[in-house]
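Single-structure report; data block below.
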Amino acid sequence: MVTTPMLWLAIALAVLALAAVLVAFLLPARSRGRTPVAYLSRLTALPAYVRARRRLLLGSLAGLAVLALTAVFALAGVARPTVQETISPKRHLRDVMLCLDVSGSMITYDAEILESYIEMIDSFDGERIGMSIFNATGVTVFPLTDDYDMAKEFLEDAHAGFTSYGTEGLDFIAPTQPPVVTGSSLIGDGLVNCVESFDRLDEEERSRSIILATDNELAGEPLFTMPEAADHAVERGVRVYALAPSRYYFPAPLEELEAAAETTEGEFHSMSDARAVDRIVTSVQATEAALTDGRLVTLFHDRPVLPLAGTGIGVLALLVLVWRLRL
C-alpha cells in the first residue's frame, strides 16, 4: 500500500511538471532565451502559422490532460486498490468415527477395510472424521478433525503396514494389547470407546456416526456386550454402520452385529457388497443435510485491472499525440 506522504509527494511532482510546461508555453520568446526576428508579426499572422500554433497548443493541452489522467491511474494502480469481502463459510454438522477391529481374526481383512475407509474420506465434504482401533482395549488413533490430508496419509501408511504383513507401519496397534489385559477382540468395549470419542455433546443438532469394521468374534470377557454397547450408542445419539469381512463361516456373530447396528438406526454391510462403501457414505451424509455458519472470515481482493488498463491507454494516447504533433 502507498503511504499518504508518498502519495502527496507524487501529486506535488505532477503539479510542478504541469506548471513547468505551462510556463514554457506562456513566457515571451525573449525571456525563454530565443533570438527576436524583425517583422516576425507578418509571419505569425499567416493563416497557416495560426493553424499550426493552434494545433500545437491544443495538442499540448490534450497531452497535459492525458498525462495527468495517466498519472492518476498509475498512482491508483500503485496504491493497490482492494475490495473487502466478509464471508461466512458453511460447514456440515456431521462427525464420523472410523472404528477398526485389529484383533488377530481381522488382521488379514484390515488392509481391505482401510481401502474402504480411504475411499470414504475421498467422498466426504465438510464432515469431521476421527479414528479409533481396538483389540483387548480401545485406542484413539486421531481425534475428530477436518484435516482430510492428515487422516488419509495415516490410513495409507497403515494400509501399507498391513499389506507388508506387519514389517513396517503397525506400531500404532501395539497399545490395543497391553500385557496386563487378558483376552482379545473385545468388540463391545471397542465400540463404547468409539462412542466416547465424540465431543461437542451440547450440540444436539450435530449428527454422529460410527463406521465399525469387525467380524464380531469375541475372545474374552468384555465390560460391555455388543447389545449394551449399542444401547450406549443410542443414548448418545450415535448411529453405527457395521462393515463386516466377506465371509460367512460364523453367521451368529454377524447376526448380532447386524442387530446392534439396526438398534442404533444404522446399517449392516458386508465387504462382499461392491457398493457397500457408497451406501454407507450416502447414509452418513443423509443424516444431517443442514449447514451452519462457520466463523466469519474477512478477505481482501486486489482490483488493479482498471487503473492499470487506464495507465496503459494513457501511455498509448501520449505516444499517438507525440507522433501527430511531430508531423
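The values are calculated or read from the model by the stated rules, or taken from the named source; none is laboratory data. Keep in mind the model is a prediction, meaning the values are calculated, not measured. As a convention, Cβ positions derive from the backbone with ideal geometry for all residues, glycine included, and neighbour counts pool all protein chains shown. In case anyone asks, the SASA skips ligands and DNA or RNA and just uses the protein heavy atoms, side chains included. Shrake-Rupley method; radii C 1.70, N 1.55, O 1.52, S 1.80 Å.
Computed over protein heavy atoms with a 1.4 angstrom probe, the accessible surface ordering of Met150, Met271, Met120, largest first, is Met150, Met271, Met120.
For region 90-293, the share of DSSP beta bridges that are antiparallel, to the nearest 5, is 25%.
Projecting label points 7 angstrom from Cα along Cα→Cβ for Arg279 and Val315 puts them 6.6 nm apart.
In plain terms, the chain from Asp302 to Ser60 could stretch by 83.7 nm, reckoned as 0.36 nm per residue minus the Cα-Cα distance. For region 90-293, dividing the convex hull volume of the Cα atoms by the residue count gives 108 Å³ per residue. For region 90-293, with all protein chains in place and a probe radius of 1.4 Å, 49% of the accessible heavy-atom surface sits on carbon or sulfur.
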